Amino acid sequence: MSKILITQKNLDEYLEENSKEILIDSTMILSPIAQDLIKERGIKTIYKTAPKVIKLDTDVLIEKISSILYEEYSYTNKDDIRRIVKRVLEKIRWEG
């Protein structure tokens with residue numbers, strides 16, 4: 001995957017009008033001159049990182065979903081919880 005080089009020439013393309021922030025993700029590289037311009041203009045640089053991937057086995061996933069249903073939605077009917085968990089696993093095509 002190639003990176004996008006943000007330079008003095010294209011910096012404004014990555015800034016919203018009147019914005020005091022620039023979002024930099026893992027596909028972008030700031031040139032030294034672009035970094036200097038950002039500092040001079042008082043723009044805050046926000047580095048976006050990739051979301052953390054959590055690997056769960058099926059039993060843990062079922063327990064997490066059941067816990068949410070019970071604690072946040074007061075579901076106590078175990079048959080309902082099983083049906084909902086089964087449907088969630090089908091929807092996300094879980095193959096744990």
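For beta carbons closer than 9 Å, sequence separation of 6+ or different chains, a first residue in segment 58-69 that is at negative phi and a second that is assigned to a helix (DSSP H, G or I) and modelled with pLDDT under 85, the qualifying pairs are Thr58/Leu89; Leu61/Leu89; Ile62/Leu89; Ile65/Leu89. Checked against (1) surrounded by 12 or more Cβ atoms within 10 Å (Cβ to Cβ); (2) of a type outside the set (Val, Ile, Thr); (3) free of Cβ contacts under 8 Å to residues at least 24 places away in the same chain, Leu15 passes all but a single condition, namely (3). Are any of the residues in segment 45-59 surrounded by 14 or more Cβ atoms within 10 Å (Cβ to Cβ) and assigned to a helix (DSSP H, G or I)? Among the residues of segment 45-59, not one is surrounded by 14 or more Cβ atoms within 10 Å (Cβ to Cβ) and assigned to a helix (DSSP H, G or I), which makes the answer no.
Filtered by the rule that a residue be modelled with pLDDT under 85, surrounded by 11 or more Cβ atoms within 10 Å (Cβ to Cβ) and not in a helix (DSSP H, G or I), segment 60-95 gives a lone residue, Trp94. Any residue in segment 48-64 that is in contact with a strand residue (DSSP E or B) (Cβ under 9 Å, 6 or more places away or on another chain) and farther than 30 Å from Lys86 by Cβ? Within segment 48-64 (the criterion being in contact with a strand residue (DSSP E or B) (Cβ under 9 Å, 6 or more places away or on another chain) and farther than 30 Å from Lys86 by Cβ), the answer is yes, since at least one residue qualifies.
The values are calculated or read from the model by the stated rules, or taken from the named source; none is laboratory data. In this text the structure is predicted, and so the values were computed from the model without any measurement. Note that we place each Cβ from the backbone using ideal geometry, even for glycine, and neighbour counts take in every protein chain shown.
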